[in-house]
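The values are calculated or read from the model by the stated rules, or taken from the named source; none is laboratory data. Because the structure is predicted, anything quoted here is derived from the model rather than measured. Cβ atoms come from the backbone with ideal geometry, glycine included; neighbour counts cover every protein chain shown.
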Amino acid sequence: MNATRRRWFQRLDRPTLVGLIGLALLAALALFAPLLAPTDPTAQPDPVALRFLPPLYNIHSVTLRTGERVYGYAVRPTGDGGVTVVRGRGFGRAEQASDDDPMAGFGGTRPAALSRTIPATDLAPGGESGWHQTRRSWLGTDGLGRDLLSRLLYGARVSLLIGFVTVIVALGVGITVGAVAGYAGGRLDAVLMRAVDTLMAFPRLFLVLLVVAFSAPTIPTLVLTLGLTGWTGTARLVRAEVLSLREGDFVQAAQALGLPDWRIVFRHILPNAVAPAVANAMLLVGNVMLVEAALSFLGLGVQPPTPSWGTIIADGRDSLGDGWWISTLPGLLVTATVVSLNLLGDGLRDVLDPRIRPT
Amino acid sequence: MLPYLLRRLLGAVPLLIAVLTLTFIALRLVPGDPLDRLADNPRATPAMIQRERLRLGLDRPLPVQYLRFLKAYATGDLGTSFSGRRPVAQMIAEALPVTLLIGGLALIVELSVGIALGLLGALNRGRPLDTALGVGTLAVHAMPSFWLALMLILLLAIRLPLFPPSHLHAIGAENWSAGRRLLDLGWHLILPVAVLGLGSAAATARLVRTSLLEQLGQDYLRTARAKGLSERQAVVRHGLRNALLPVVTLIGLSVPAVVSGAVIVETIFSLPGMGRLAVTALFARDYPVVLATTAVAGATVVLGNLLADIGYALVDPRIRLTGRR
């Protein structure tokens, strides 16, 4: 069958499709985060009562006559019309979890002192449906009682945004440097390529750490620093393409017409030269997300309370024993995103590069 | 061979100077003064800060500072730490062996595991094992290294307390016999080395597999099979040797990754190496230590690349010939 008669997605092999669908799903989660998230990602309704709630448990809240809300992970009748709200866990070895404790089996312990008994007279009117609300906490809460699902959804926006915007910066610099070096040749080419060699020889994390630590780690700083240290591979790819295209007939034709050099480079050569760089950009996005996560982990990335996947992993670092899910879930999301980007990048390279298009 | 080595060594000098220059520029581009941290100290008087500024030569014009910096580093004078007043060279001399040990062991893990898995994949091409290895290596390669470290700590140090979650030695190890101390050190190194080595091993495995599959169709392998070698013998004795050439290049390329990875791994496992020294210095804004750790990290990478190039020349006779010309 003629390749051009098939739809574009039919030309993609299965790994590429998996990558494309995976990335589309993750992008949709990020895009629709405000609609999908059950709560505000930074809301702490009760940092003590709701901390380290495991995934799939219900958050209970009891409304008092005064309007105050008491949060907990279980509500038990006292027998005389009042209720006991069971609150809080993860306080070390104060008291062993009891048999009827819904948290038993999760290794946490809780002090009974945090449970709060509310007499019937203090409850808001309207019967149990009037004062008792429950909400399922799909992915549990973190050490400050914040909803993990909401944080992951909003974190997707921050992580993906930093990844893609950074790579746009890197592509801009890399394509420009590569095109100039490749087209100009000679001494300028040599100087630019030595600069690329040096930057490539440098352990990138050290350079980024150095810049971020001595200035403020805001999102624009991160994007600029990561972008300005991540363009070298692109420059090499584009330069190689431009070098081979420079001697082409269409370039000679353009030169004979007396077009200025910048126009020849940007209008005639570059459109033919950027395909490998664009495919490679997918791998770069994954790379940037990994570096951003590492920076956030060291406390030099996205600053709290803004969630990024890296900061959420870092949040759960000191409470692996109390809440394994906090670090585990964002790490799985980063891995899934980077895998999708790698699959998509490999596939795009095959589709965009005419030389290796299957016959 | 010797002239080639000498030329390569001399060629590394400009790159080393370039690395030092880049470090200097990066620190100077950044807003803030190196003495900011001293100014934070309520007991530091303006006169003291001024004296420190003169001592460090920070009052001179930038080009003069740059030349003095190059000269000091060329003579091995890395300055004195702001915190603790210790010579930076001494701090680096204590931290560097730890990082080299972890990094070296991680490279061994990367190579042995990577080559073994790549060989396994290529020999079983298209079978479920190959597919599983492909998915597995892709996933491990895509994991943030510190997350992999946390997961290993969670599973193998907290839930199933097989390995110690941090530090190089057990408490009280100073009084143990040398053999027991060595065993204890090895025990503490397993998790950090695994984290640092496995991420790159995944990339190596993929490269070895592709490179081997390219060799499998070559004529010399058909000859090897024709003379009666089994498929396994042909691949391992003849194919693997040629397939490993790109891997030698990869080692050179993975040195920056290992040095960067050491920052993360040493921080998580509280190991007293270069990475941790750098991070601690960054948070304390210990300017001389930051400068030195960054420069040494860059120099390590340059030397690592040099070693990889020499290794490549040793393995591939064609490169040795062009080197003589």
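Pull up region B:63-82, narrow it to residues that are over 29 Å from the mean Cα position of the chain (by Cα) and surrounded by 11 or more Cβ atoms within 10 Å (Cβ to Cβ), then point me to the one that is nearest to B:F283 (Cα to Cα). Among residues in region B:63-82 that are over 29 Å from the mean Cα position of the chain (by Cα) and surrounded by 11 or more Cβ atoms within 10 Å (Cβ to Cβ), the one nearest to B:F283 (Cα to Cα) is B:Q65. Scan region A:305-317 for residues that are surrounded by fewer than 24 Cβ atoms within 10 Å (Cβ to Cβ) and within 11 Å of chain B (Cβ to nearest Cβ) and jot them down. Hit for region A:305-317 is A:R317, nothing else. Taking the criterion of being in contact with a Lys or Arg (Cβ under 8 Å, 6 or more places away or on another chain) and within 18 Å of B:T267 (Cα to Cα), the only residue of region B:159-175 that qualifies is B:H169. The set of residues in region B:108-129 being closer than 28 Å to A:I313 by Cα and surrounded by 22 or more Cβ atoms within 10 Å (Cβ to Cβ) consists of B:E110, B:G114.
Conditions (1) away from chain A (no Cβ under 11 Å); (2) farther than 23 Å from B:D130 by Cα, marked per residue:
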| position | (1), (2) |
| --- | --- |
| B:T210 | yes, no |
| B:L213 | yes, no |
| B:G239 | yes, no |
| B:S270 | yes, yes |
| B:A292 | yes, yes |
| B:A295 | no, yes |
| B:T300 | no, yes |
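Looking at B:A170, B:A178, B:A132, B:A149, just one residue is of a type in the set (G, A, S) and either crowded, with 18+ Cβ neighbours inside 10 Å or within 22 Å of the chain's Cα centre (by Cα) (or both), and that residue is B:A149. So for region A:82-91 (the condition being part of a helix (DSSP H, G or I) and at pLDDT 85 or above), does at least one residue qualify? Taking every residue of region A:82-91 in turn, none turns out to be part of a helix (DSSP H, G or I) and at pLDDT 85 or above.
Scan region B:27-47 and give yes if some residue there is at pLDDT below 85, under 24 Å from the mean Cα position of the chain (by Cα) and closer than 24 Å to A:P203 by Cα, otherwise no. Within region B:27-47 (the criterion being at pLDDT below 85, under 24 Å from the mean Cα position of the chain (by Cα) and closer than 24 Å to A:P203 by Cα), the answer is yes, since at least one residue qualifies. For region A:189-198, give me the residue count where each residue is facing another protein chain (nearest Cβ under 7 Å) and among the hydrophobic types (A, V, I, L, M, F, W, C). Counting residues in region A:189-198 that are facing another protein chain (nearest Cβ under 7 Å) and among the hydrophobic types (A, V, I, L, M, F, W, C) gives 0.
Where in region B:1-101 are there helices (runs of 4 or more DSSP H), lying wholly inside it, with at least 2 residues that are acidic (D, E)?
B:36-40
Of a type in the set (A, V, I, L, M) and within 30 Å of B:H169 (Cα to Cα) - does that describe any residue in region B:119-142? There is at least one residue in region B:119-142 that is of a type in the set (A, V, I, L, M) and within 30 Å of B:H169 (Cα to Cα).
Within the set A:R151, A:R146, A:R157, the sole residue that is at pLDDT 90 or above, surrounded by fewer than 21 Cβ atoms within 10 Å (Cβ to Cβ) and away from every other protein chain (no Cβ under 14 Å) turns out to be A:R157. Number of residues in region A:208-242 that are within 14 Å of another protein chain (Cβ to nearest Cβ), small (G, A, S) and part of a helix (DSSP H, G or I) equals 2. For region A:223-250, a residue qualifies if it is aromatic (F, W, Y) and under 18 Å from A:V165 (Cβ atoms), and exactly one does: A:W231.
Would you confirm whether or not region A:268-286 contains a residue that is part of a helix (DSSP H, G or I) and either in contact with a strand residue (DSSP E or B) (Cβ under 8 Å, 6 or more places away or on another chain) or among the basic types (K, R) (or both)?
no
Confirm whether A:V196 is in a helix (DSSP H, G or I) and out of contact with any helix residue (DSSP H, G or I) (no Cβ under 7 Å at 6 or more places or on another chain). So A:V196 does not fit the description; no.
Does B:A284 meet the test of being touching a Lys or Arg at 6+ places or on another chain (Cβ under 6 Å) and either more than 14 Å from chain A (Cβ to nearest Cβ) or over 22 Å from A:T229 (Cβ atoms) (or both)?
No.
Filtering region A:325-341 for residues that are more than 13 Å from chain B (Cβ to nearest Cβ), under 31 Å from the mean Cα position of the chain (by Cα) and on the phi < 0 side of the Ramachandran plot leaves an empty set. Restricting attention to region B:147-180, the residues being modelled with pLDDT under 90, within 13 Å of chain A (Cβ to nearest Cβ) and assigned to a helix (DSSP H, G or I) number 3.
Collect the residues in region A:289-304 that are more than 12 Å from chain B (Cβ to nearest Cβ) and under 12 Å from the mean Cα position of the chain (by Cα), keeping them in residue-number order. Within region A:289-304, just A:V302 meets the criteria.
If we scan region A:97-105, do we find a residue that is under 27 Å from A:P38 (Cβ atoms) and at pLDDT 80 or above? Looking for residues that are under 27 Å from A:P38 (Cβ atoms) and at pLDDT 80 or above, one finds none in region A:97-105, hence no. Residues of region B:233-290 being basic (K, R) and either under 22 Å from the mean Cα position of the chain (by Cα) or surrounded by 20 or more Cβ atoms within 10 Å (Cβ to Cβ) (or both), which ones? Passing the criteria: B:R276, B:R285.
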